[in-house]
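Comments concern the structure below.
The values are calculated or read from the model by the stated rules, or taken from the named source; none is laboratory data. Since we're looking at a predicted model, the values are computed, not measured. In this analysis, Cβ positions are derived from the backbone assuming ideal geometry, glycine residues included, and neighbour counts consider all displayed protein chains. All accessible areas refer to the heavy atoms of the entire protein, side chains included, with ligands and DNA or RNA removed. Shrake-Rupley method; radii C 1.70, N 1.55, O 1.52, S 1.80 Å.
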Amino acid sequence: MALRKRLDDMPAIGAGNDMPIRGVSAGMTGAELPVDPMTMTQYGGNMSEDFLPDTASVQVIGEEEILKAEQTLKDYKAAKANLEARIISNEQWYKLRHWESLRNKSHNPGDPEPASAWLLNCILNKHADAMDNFPKPVILPREEGDKADAEILTSILPVIREQNGYEQTYSDTWWYKLKTGTGVTGVFWDATKNNGIGDIDIRKVDLLNLFWEPGITDIQVSRNVFHIDLIDNDQIEEDYPELKGNIGGRVFDVAQYVYEDTVDTTKKSVVVDWYYKKRVNGKDVLHYCKFIAGTTKPLFATENDPDYAERGWYDHGKYPFVFDTLFPIEGSPCGFGYVDICKSPQVYIDKLDQVILKHAVMSARPRFFIRGDGSINEQEYADWNKDFIHYAGSTNPNESIFPVMIPELSANAINVRDGKINEMKETSGNRDFQQGGTASGVSAASAIAALQEAGSKLSRDMIKSAYRADSKVTELCIELIRQFYEENRYFRIIGEQGAMQFVQFTGRQIAMKPQGNDFGMDMGFRMPIFDIECKSEKSSPFSTEAQNERAKELYQLGFFRPDLADQSLTALEMMEFEGIEQLRQRISQNGTLYQQVQMLQQQVMQLASIVDATQGSTLVDAMGTNGAMMQDASGQPSGNAEPAKKGSLADQMRERVNSATNVR
């Protein structure tokens, strides 16, 4: 089915729809949103000439602008050459193919080339730490009136992320970040999702396909941002018949990895997504243009579309790319990763391994010197199945053949190799106890927990950086919801008590709204603004164990007893842990309910005494007996609570691990 859509097939912009769709005019009808045939991820319609409205009078982006943009793209790519070379090289190191770059011209083809995985093991552990603390966004309102919308956003954003497979995207971005030093996430609007209704699309972006202004450290201040894709020529010609015969020349070289398979790109063309900003009335307006490298005619440009000429591509005015840098450097939005840090010790570890293995092979396989005029039968001497070896003459056969003596391997080689391994562990913070191993003599649970806490500082710092980037991703998602969720959307969520619930939400709830008139004056418009806080959705085993033990200890101390609510609340004021506000609210509610029950019991006792006085009954005595029996059955003492028992693993490590394993 062709991706090209005719003008009459596009949906109309109704009176209640103040969000224009790209390439759609007011008289259009239909039920299917327009589709981008190149990436299938941007919102709007097909960019072909038959689809676009007649904009000859407002042709802002034309041949001259495309030529300038393509030259700018080439300049950006030239400035990024060192980064691209490092990314490709780091990928080879990650795949343990680094001997291809270590070999020199004088190397012996028979020498062993061991590729130990110390560097890979470091990356594996860092990635595991990241996935143990998978983020979950919490939306906080800045005004009381936005509290309900913030709670709904907190509930539906995880659903949107799950529908995007965000956990896999987050994992892939972390792999890329650890290898290259920077992970990039793209947040777009995909009009093809949900049967044409459209929804948010979150993807990992390869740095080899992204280009920005040299010398900047924040991608949002770049004057232009380019993202490229290699698309098959036949697919382009199918979507744009008018381009048939005019594409196919490779005028732009795209950096590529060293693939395991043979990848043929001769029948592909470079399709460019060009993002740029313009300052309009003190506000950044994001514009977008799509074109094919080597051609001079844009496939689509927002400045050529009356619906977007002033408004721009996305209302938030930001580039749809979020950079998550591991170790930042000046003058670039990209940083360096663990491959760059651990590459040097890994080189010497493998080279020393090569020396050790070569020496072991030489020692295990003896070689011999043989005189040219010797009398030994070499074939029989080399054949271990021969019991007898012939030699000629009366001379001593040992004078004709004698073994090559291999010097003993110096212990310094082993010591230096072990030192390089320890250097890598210390530099990367990937010590043995983080993987369950301990040094000699360390066996106490509290000591192991203390070592793990000290060693997890680097991981916590990295994860906090990832949470900051995840907050930016969530912010872009909220802005796309505000712009494109024009109709009611329904989401299945899990309520506080674990019950399944269905909520309804639309972008109009958080869109800009008029504030009405006050004393005859127009108060303008107000748009809800939210703060974003990331917390760990999946905690580490130590954090989970500590949290469970804390709950059991609080129960043993009587914190959940309603008659001790005041004392429990006083103690909680001096504590700090995740979920303390919910606990404080629950204890306060239980205390209030207990006081109400006590008041009712007193009133009932007074009424019972009056009945006994008038009727001669014994209701007061019976109620007192029942109350004592209920007190005994509950098993709760009337005085202070029983102190908590000590000795559990979590009790020993709670003070160290409690706050250390959670990323806040």
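Descriptive notes on the structure:
- Where GluC sites (Glu not before Pro) fall in DSSP loop in the stretch 271-374, at most 10 other Cβ within 10 Å: GLU330
- ARG417 accessible area, assembled protein chains, probe 1.4 Å, Å²: 60 Å²
- Loop-resident trypsin sites (Lys or Arg not before Pro) (DSSP state other than H, G, I, E or B) in the stretch 148-235 with no more than 13 further Cβ atoms inside 10 Å of their Cβ: ARG223.
- When both the stretch 109-165 and the stretch 561-579 are represented by their alpha-carbon centers, they are found 33 Å apart.
- Semi-axis lengths, Å, the stretch 579-620, gyration tensor of Cα atoms, sqrt of 5 times eigenvalues: 37, 6, 4
- Per residue, the stretch 282-374 exposes 44 Å² of accessible surface when a 1.4 Å probe is rolled over the protein heavy atoms with every protein chain present.
- Per residue, the stretch 454-521 exposes 57 Å² of solvent-accessible protein surface, assessed with a 1.4 angstrom probe and all protein chains in place.
- Kirkwood hydrodynamic radius over Cα pairs of the stretch 242-308, then Stokes diffusion coefficient at 20 °C and 1.002 mPa s, in µm²/s: 147 µm²/s
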